[in-house]
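A short worksheet on the structure shown next.
The values are calculated or read from the model by the stated rules, or taken from the named source; none is laboratory data. Just so we're clear, the structure is a prediction, and the values are computed from it rather than from any experiment. Heads up, the Cβs are rebuilt from the backbone with ideal geometry, glycines too, and the neighbour counts pull from every protein chain shown. Heads up: the accessible areas ignore ligands, DNA and RNA and are worked out on the full protein's heavy atoms, side chains in. Shrake-Rupley method; radii C 1.70, N 1.55, O 1.52, S 1.80 Å.
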Amino acid sequence: MTQHFLTLMDLDKATLKQLITRAIELKEIQKSGEIFEPLKNKVLGMIFDKASTRTRVSFETGMAHFGGHAIFLSPRDTQFGRGEPVEDSARVLSRMVDCIMVRTFDHEMLETFAEHSNVPVINALTDMYHPCQLLADMQTYFEHRGDITGKTVTYIGDGNNMCHSYMNAARQYGFTLNVAVPEGYDPDASLLEETKDYVNIFRNTKDAVAGADMITTDVWASMGQEEEQAIREKAFADFQVNDEVMALANRDAIFMHCLPAHREEEVSTSVIDGPQSVVWDQAENRLHAQKALLELLMIKK
Ligand code: CP
Ligand code: NVA
């Protein structure tokens, strides 16, 4: 069966931990200047129904480092935007390329696409999940503070794709996740039920950050929710990560943000640009963690 990566639940715990180790090794290989091209002549198709900076550049650069090639496909200039059935697009693309990365809105569409693809499909963000980001985040935590198992992570903000992926990460990597979220913006109820042994919901930031080893947040209005910006600014006004919030966490807590960030909305400038922030390492690690993922999925053992 073809191994896809649609959520963090598609890989077992040992493989997820191994990906971090491998990402760190690949980072060292690249920094040393060594040429390592295990994907020579291999091609990654990249479907983007939404904007991206980090995801596109990290996948494309990763394929170039590995001696392969990546093709950027947008709905504006492919048949995806003109109503060709998802099933047909998956069948056709997977006869040509060796792996397909998809960033889109509807998670079910991605599942349908994967069902009809003969090559691995990677979720590069849907409305429901953003698992590639979590690989980078877990690598970043490991590099700065060691094993995350048994630690406490606080996610402050919207119960969105990032929150859902943190919920899956909590059960896969074995940490406690405190989620501070205003009423009406809760994460998915069935996922909450599945992850309830690892996830606690709070209605204020103060209680949620007590004992936290890491604090993370995300934009208040995700891609596709731009029209809700004003109403969300009101709803989330008390859910900003700022110096007061950071002061209530453990002293050595680190701050992460998947980026792009809106300074003075979900995070103060002082925190994102401050000494506890590791966001630039986190962004860079998208490259290394996804190279480890591409190697895992694209090289047959
Ligand atoms: N964090 C992230 O996925 O960034 P992009 O939207 O720039 O890809
Ligand atoms: N929640 C954000 C994440 C961006 C990387 C969004 O979906 O727009």
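Brief remarks on what is shown
- For region 132-152, the criterion of being touching a Cys at 6+ places or on another chain (Cβ under 7 Å), within 24 Å of F239 (Cα to Cα) and surrounded by 20 or more Cβ atoms within 10 Å (Cβ to Cβ) is satisfied by at least one residue.
- Search result, residues across region 237-260 that are within 21 Å of the chain's Cα centre (by Cα) and either of a type in the set (V, I, T) or under 25 Å from L19 (Cβ atoms) (or both): V241, A253, I254, F255, M256, H257, C258, L259, P260
- No other residue among H257, H288 is within 30 Å of V97 (Cα to Cα) and touching a helix residue (DSSP H, G or I) at 6+ places or on another chain (Cβ under 6 Å) apart from H288.
- Subset of region 93-127 [open to solvent by 60 Å² or more (accessible area, probe 1.4 Å) and outside any helix (DSSP H, G or I)]: R95, M96, F105, D106, N118, D127
- Leading residue by the ranking (nearest to ligand 1 (Cβ to nearest atom)) among those in region 128-142 that are of a type in the set (A, V, I, L, M) and assigned to a helix (DSSP H, G or I): A136
- For region 27-56, filtering for residues that are assigned to a helix (DSSP H, G or I) and either charged (D, E, K, R) or in contact (Cβ under 8 Å) with a residue 40 or more places away in the chain (or both) leaves 7.
- Remark: F48 falls outside the filter, which requires a residue to be of a type in the set (A, V, I, L, M, F, W, C) and more than 16 Å from the chain's Cα centre (by Cα).
- Filter result for A64 (in a helix (DSSP H, G or I) and over 15 Å from the mean Cα position of the chain (by Cα)): yes
- Among the residues listed as A70, A23, A90, the single one being farther than 16 Å from L294 by Cβ, in contact with a helix residue (DSSP H, G or I) (Cβ under 6 Å, 6 or more places away or on another chain) and either assigned to a helix (DSSP H, G or I) or open to solvent by less than 30 Å² (accessible area, probe 1.4 Å) (or both): A90
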